[in-house]
Amino acid sequence: MYDLVIFDNDGVLVDSEPISNRHLAAYLTEIGHPTSYEESVRDYMGSAMHRVHELIHERTGRRLPEDFDEVFHTRVFAAFEQELKPIAGVFDVLEQLVAQGVPYCVASSGSHERIRVGHRTTGLDRWFGDGLVFSAQDVGRGKPAPDLFLHAAERMGVAPERCAVVEDSPLGVRAGVAAGMDVYGFTAMTPAEKLPGVQGHFSDMAELLSLLS
């Protein structure tokens, strides 16, 4: 077993990716950047908000509105309150990690506010105290840069090579591999072939602990 398990948040702990990408595609389309749900998942799943701004500017030469993030998050958080669920089986995984004395944390491209809203809504907040939550906000550069995972490992006092990363997006997998960590690919939303370079793939949270050990 590893000395630290680092979970991605969106799509790994909470079932937020369908909600988030549905609203992101709709909002981009609304303001003149036609985007389908599938395109949103392909281009932005697992990324920090700065990637949305960068890609839109790169492709169109136009900047998104100054209040883009605020409006988007207001819509998404309202949807979270109504629709968000924890990923099936994740409570069992956390219970078993605690029982085995294996440290864990979350490292997400999302903002601290987004992580906290999702955790409060789903009951995950009882598992993740302040010292166990890390956001791309903490390092300034989101995935696929390895900075966030390296920051989490440093703060938790664990060498990168002793960390396991649980990810469901190509960007997140690239970040974990670049950080020198073993990565496990959750394939609930992303086909295994789009998550290369991992130690193993799994489609059900019940499979994770056997892979980690």
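The values are calculated or read from the model by the stated rules, or taken from the named source; none is laboratory data. Treat the numbers as computed from the prediction; the structure is a model and nothing was measured. Reconstructed Cβ throughout: ideal geometry from the backbone, glycine too, with neighbour counts over all protein chains shown.
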List every residue pair whose Cβ atoms lie under 8 Å apart, where the two residues are 6 or more positions apart in sequence or sit on different chains, the first residue falls within the stretch 189-213 and is assigned to a strand (DSSP E or B), and the second residue, located anywhere, is among the hydroxyl-bearing types (S, T, Y).
G200/Y184; H201/Y184; H201/T187; F202/Y184; F202/T187
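Could you tell me whether the stretch 164-177 includes any residue that is surrounded by 17 or more Cβ atoms within 10 Å (Cβ to Cβ), part of a loop (DSSP other than H, G, I, E, B) and more than 15 Å from the chain's Cα centre (by Cα)?
To start, the set of residues in the stretch 164-177 that are surrounded by 17 or more Cβ atoms within 10 Å (Cβ to Cβ) comprises 164-177.
When the remaining residues are screened for being part of a loop (DSSP other than H, G, I, E, B), the result is 168-169.
The next check asks that each one be more than 15 Å from the chain's Cα centre (by Cα); those that pass are none.
Among the residues of the stretch 164-177, not one is surrounded by 17 or more Cβ atoms within 10 Å (Cβ to Cβ), part of a loop (DSSP other than H, G, I, E, B) and more than 15 Å from the chain's Cα centre (by Cα), which makes the answer no.
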Residues satisfying the stated conditions in the stretch 182-207, i.e. touching a helix residue (DSSP H, G or I) at 6+ places or on another chain (Cβ under 8 Å), of a type in the set (A, V, I, L, M) and closer than 20 Å to M45 by Cβ:
V183, M189, L195, V198, M205
Among the residues of the stretch 116-133, write down those that are in a loop (DSSP other than H, G, I, E, B), more than 16 Å from the chain's Cα centre (by Cα) and modelled with pLDDT of 95 or more.
G123, W127
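Going residue by residue through the stretch 134-154, is there one that turns out to be assigned to a helix (DSSP H, G or I), among the polar types (S, T, N, Q), farther than 18 Å from D92 by Cα and within 17 Å of the chain's Cα centre (by Cα)? Talk me through it step by step, then tell me what you get.
Quick first cut of the stretch 134-154, residues assigned to a helix (DSSP H, G or I) only: 136-138, 147-154.
Checking which are among the polar types (S, T, N, Q) leaves us with 137.
Applying the additional criterion that residues be farther than 18 Å from D92 by Cα yields 137.
Adding the requirement that they be within 17 Å of the chain's Cα centre (by Cα) leaves 137.
Yes, the conditions are met somewhere in the stretch 134-154.
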Can you tell me which residue is nearest to E38 (Cα to Cα) among those in the stretch 178-188 that are buried (at least 21 other Cβ atoms within 10 Å of the Cβ) and free of Cβ contacts under 8 Å to residues at least 60 places away in the same chain?
G185
Hey, L24 surrounded by 16 or more Cβ atoms within 10 Å (Cβ to Cβ), over 30 Å from Q199 (Cα atoms) and touching a Pro at 6+ places or on another chain (Cβ under 8 Å) or not
no
Name the residues in the stretch 119-138 that are among the hydroxyl-bearing types (S, T, Y) and closer than 16 Å to I6 by Cβ, would you?
S135
Working only within the stretch 195-206, note down all residues that are closer than 20 Å to D10 by Cβ and surrounded by 14 or more Cβ atoms within 10 Å (Cβ to Cβ).
L195, V198, H201, F202, M205
From (1) touching a residue at least 12 places away in the same chain (Cβ under 8 Å); (2) crowded, with 19+ Cβ neighbours inside 10 Å; (3) on the phi < 0 side of the Ramachandran plot, pick out the condition that doesn't hold for A79.
(2)
Criterion violated by V52 - all others in (1) among the β-branched types (V, I, T); (2) surrounded by 13 or more Cβ atoms within 10 Å (Cβ to Cβ); (3) more than 25 Å from P34 (Cα to Cα) satisfied
(3)
Report, ordered by the first and then the second residue, all pairs with beta carbons closer than 7 Å, sequence separation of six or more or different chains, a first member in the stretch 110-134 that is of a type in the set (S, T, Y), and a second member that is part of a strand (DSSP E or B).
S111/S135; T122/V14; T122/P86
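Any idea which of G176, G172 is touching a Ser or Thr at 6+ places or on another chain (Cβ under 8 Å) and closer than 24 Å to S16 by Cα? Can you show your working first?
Working: G176 fails: touching a Ser or Thr at 6+ places or on another chain (Cβ under 8 Å).
Selected residue: G172, the only one of G176, G172 that is touching a Ser or Thr at 6+ places or on another chain (Cβ under 8 Å) and closer than 24 Å to S16 by Cα.
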